[in-house]
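Working notes, structure below.
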Amino acid sequence: MTAALLALADSRLPAGGHTHSGGVEQAIAAGVVSDPRSLETFLRRRLTTSGSTAAGLAAAACRTAGGPRTGAAPAPAGDRVAALRALDREAEARTPSPALRAASRQQGRGLVRVGRRAWPDPVWDDLPAHPHHPLALGVAAAVAGLAPGDAAAAAAYLSITGPATAAQRLLAMDPITVAVVTARLGDAVDEVSAAAVPDADGWLPAGTDPLLDLLAEVHADRTDRFFAS
Amino acid sequence: MPPDHVLDDYVDPYDDPAARGHRHGPLRVGLGGPVGSGKTALAAALCRTLGQEYDLAVVTNDIYTTEDADFLRRNAVLPDDRIEAVQTGCCPHTAIRDDITANLDAVELLEGRHPGLELVLVESGGDNLTASFSYGLVDVQIFVVDVAGGDKVPRKGGPGVTASDLLVVNKTDLAPLVGADLDVMRRDSAAVRAGKPTFLISLREDPAATEVADWVRAQVRARVAAHA
Ligand SMILES: Nc1nc2c(ncn2[C@@H]2O[C@H](COP(=O)(O)OP(=O)(O)OP(=O)(O)O)[C@@H](O)[C@H]2O)c(=O)[nH]1
Ligand SMILES: [Mg+2]
């Protein structure tokens, strides 16, 4: 099943991620990110806050969707719709910035569009039309035959790779340096995703970062931006 | 027969109901080409000429600003709610070819807002000669180059020049000023385009883009006929 996980985390997957900078475009404009060191700091901070939250939600959505490796008894479809809707509200509550809510739902929709064709399954119909991205990712993982921990890993990994690529483009950084930055964060990605998988009580991480929220709100008002968020 | 040749219960994974639906939606026309060649000028011309005939809308993919969308609004060729601008994340080419998600979102938004839509023009951000649209996004594509780039451009080729459904060589009015030989451009285009059409035009002299508008009409008719 490793191939399915690699596919989900691959920036080649045409789900629209390349048009989002994960806050990096505004962080650069604000002077928060300007070189490899500040980029690493920014990415670590993103990983441990919104990245961890996304990982927990993705794992929960994966378990809710069911599937061979999710360790869950298949739920009746009606219950699944309700459970996914509840998770979508949990995601909303963990995303105070309207701009970030919109960005997450936009990316969720993009992933559903490609996911439902790459891994056809009736579960896709149980999601709202514009689900938060971690929910779409969790469902994609489930229908691709992955486990909740895999969904969390993909979410945690994507929380740093998208912004890293955006920084590379915007600052014309050496791509090898950016690869070093993300490689150095590898252990942290594993730790965050392992810790984020909800336990039997359904406890979900709730890390947020006011800096990311503020950057996103300022960014959304700009007309001279390259990235959607 | 070997078992792997038995296709009785084969489900075609490439047969997408959504794509089938798309074929019944508006005709999607891509307008690509290098920076400044006249893509927005052509979009504006087509809106003026075809706007009364068809229910139409435009998606713009400015690299940086909403310049193109603003131009279309300023020139009052289209109301605001028929123009959507897409952010391309520093990578205009990716947004029209490799990961078309943002553009599909914009097209679907316009289709949802205007259910009778018959024609959607998608203008790419100015790119280079290798830029081309994915046919997952558009039904046909027009590649716009200009005379000011020199008469070598068709000869240099690239997917836009060779494979586009229509090649437009714009700004023929500038040919004498830049010493470009239009016959050379016509001949070189014909040589690499395997019978597909090339129009040499000047939007300055013909702001209605008569020839291109006729070609677009023919595409709309062909599509309607194909799905009748
Ligand atoms: N002389 C001349 N100028 C033209 C013609 N068509 C367009 N232009 C001018 O060329 C310039 C660029 O035209 P645009 O339509 O903005 O070109 P574009 O391809 O949309 O440019 P980008 O979106 O920036 O890549 C404008 O100043 C137009 O007025 C033409 O036929 N002749
Ligand atoms: Mg333009």
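At a glance:
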quantity: Top-ranked residue of region B:38-63 - restricted to ones that are within 11 Å of ligand 2 (Cβ to nearest atom) and not aliphatic (A, V, I, L, M), ranked as farthest from B:GLY112 (Cα to Cα); calculated: B:GLY38
quantity: Counted residues, region B:85-126 - those being within 16 Å of ligand 2 (Cβ to nearest atom), more than 8 Å from chain A (Cβ to nearest Cβ) and part of a helix (DSSP H, G or I); calculated: 5
quantity: Criterion: over 28 Å from A:ASP224 (Cβ atoms), of a type in the set (D, E, K, R) and modelled with pLDDT under 95 - qualifying residue of A:ARG44, A:ARG12; calculated: A:ARG12
quantity: Filter result (under 15 Å from A:SER38 (Cβ atoms) and exposed (fewer than 14 other Cβ atoms within 10 Å of the Cβ)) within region A:180-197; calculated: A:VAL180, A:ARG184
quantity: Exclusive hit being within 13 Å of chain B (Cβ to nearest Cβ), buried (at least 21 other Cβ atoms within 10 Å of the Cβ), at pLDDT 95 or above and closer than 20 Å to A:GLY149 by Cα, set A:GLY115, A:GLY110, A:GLY138; calculated: A:GLY115
quantity: B:VAL168 part of a strand (DSSP E or B) and either crowded, with 24+ Cβ neighbours inside 10 Å or in contact with a Cys (Cβ under 9 Å, 6 or more places away or on another chain) (or both); calculated: yes
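Table: residues versus (1) more than 16 Å from ligand 1 (Cβ to nearest atom); (2) within 14 Å of chain A (Cβ to nearest Cβ); (3) part of a helix (DSSP H, G or I).
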{"site": "B:SER132", "(1), (2), (3)": "no, no, no"}
{"site": "B:GLN141", "(1), (2), (3)": "no, no, no"}
{"site": "B:GLY195", "(1), (2), (3)": "yes, no, no"}
{"site": "B:PHE199", "(1), (2), (3)": "no, no, no"}
{"site": "B:TRP215", "(1), (2), (3)": "yes, no, yes"}
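Residue-wise test of (1) within 14 Å of the chain's Cα centre (by Cα); (2) more than 19 Å from A:GLU217 (Cα to Cα); (3) among the hydroxyl-bearing types (Ser, Thr, Tyr); (4) more than 14 Å from chain B (Cβ to nearest Cβ).
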residue: A:ALA3; (1), (2), (3), (4): no, yes, no, yes
residue: A:ALA15; (1), (2), (3), (4): yes, yes, no, no
residue: A:ARG45; (1), (2), (3), (4): no, no, no, yes
residue: A:CYS62; (1), (2), (3), (4): yes, yes, no, yes
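A quick yes/no check of all residues on (1) within 14 Å of chain B (Cβ to nearest Cβ); (2) more than 30 Å from B:ALA69 (Cβ to Cβ); (3) of a type in the set (Asp, Glu); (4) in a helix (DSSP H, G or I):
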site: A:ASP150; (1), (2), (3), (4): no, yes, yes, yes
site: A:SER159; (1), (2), (3), (4): no, yes, no, yes
site: A:GLY162; (1), (2), (3), (4): yes, no, no, yes
site: A:ILE176; (1), (2), (3), (4): no, yes, no, yes
site: A:GLY202; (1), (2), (3), (4): no, yes, no, no
site: A:ALA206; (1), (2), (3), (4): no, yes, no, no
site: A:LEU211; (1), (2), (3), (4): no, yes, no, yes
site: A:LEU215; (1), (2), (3), (4): no, no, no, yes
site: A:VAL218; (1), (2), (3), (4): no, no, no, yes
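The values are calculated or read from the model by the stated rules, or taken from the named source; none is laboratory data. Everything quoted here is computed from the prediction, not taken from an experiment. We place every Cβ from the backbone using ideal geometry, glycine too, and count neighbours over all the protein chains shown.
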